[in-house]
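The values are calculated or read from the model by the stated rules, or taken from the named source; none is laboratory data. In this text the structure is predicted, and so the values were computed from the model without any measurement. A quick note on method: Cβ atoms are made from the backbone with ideal geometry, for glycine too, and the neighbour counts reach across all protein chains shown.
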Amino acid sequence: DKHTVNLDSKTANLRVKPFTLEMGIKFELHVTISGKKINVSEIPELSIPDDWMRDKLELHFHKSEHGGGEIESVEYDKRSKTAVITFLRPE
């Protein structure tokens, strides 16, 4: 659990410690589908940055098992708890 790392002309001694990852968060989304866009509402408020929420939404709706596809953009509004997912092609 001890390591030595050479940084330029200096040496740093490091100690590795295991840590526990936080559990994932599950939540329910309400979706309206229309052509290339999906309107998502009632997104729960999570204590994560907005760009993380956009990433989570993009990953979820990109997956084929959720009927997803390639995503053009994700517009997320934390105040209204809504998002608009725009796909590259209507599918």
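Given the condition farther than 29 Å from ARG89 by Cβ, modelled with pLDDT of 75 or more and touching a helix residue (DSSP H, G or I) at 6+ places or on another chain (Cβ under 9 Å), answer yes or no: does some residue in segment 11-32 qualify? There is no residue in segment 11-32 that is farther than 29 Å from ARG89 by Cβ, modelled with pLDDT of 75 or more and touching a helix residue (DSSP H, G or I) at 6+ places or on another chain (Cβ under 9 Å). Looking across segment 42-91 at every residue that is among the aromatic types (Phe, Trp, Tyr) and not in a helix (DSSP H, G or I), the one that is surrounded by the most Cβ atoms within 10 Å (Cβ to Cβ) is identified as TYR76. Mind checking which pairs have a first residue in segment 66-91 that is of a type in the set (A, V, I, L, M) and a second that is part of a loop (DSSP other than H, G, I, E, B), Cβ under 6 Å, 6 or more apart or different chains? Note: pairs meeting the criteria are LEU88/GLU70.
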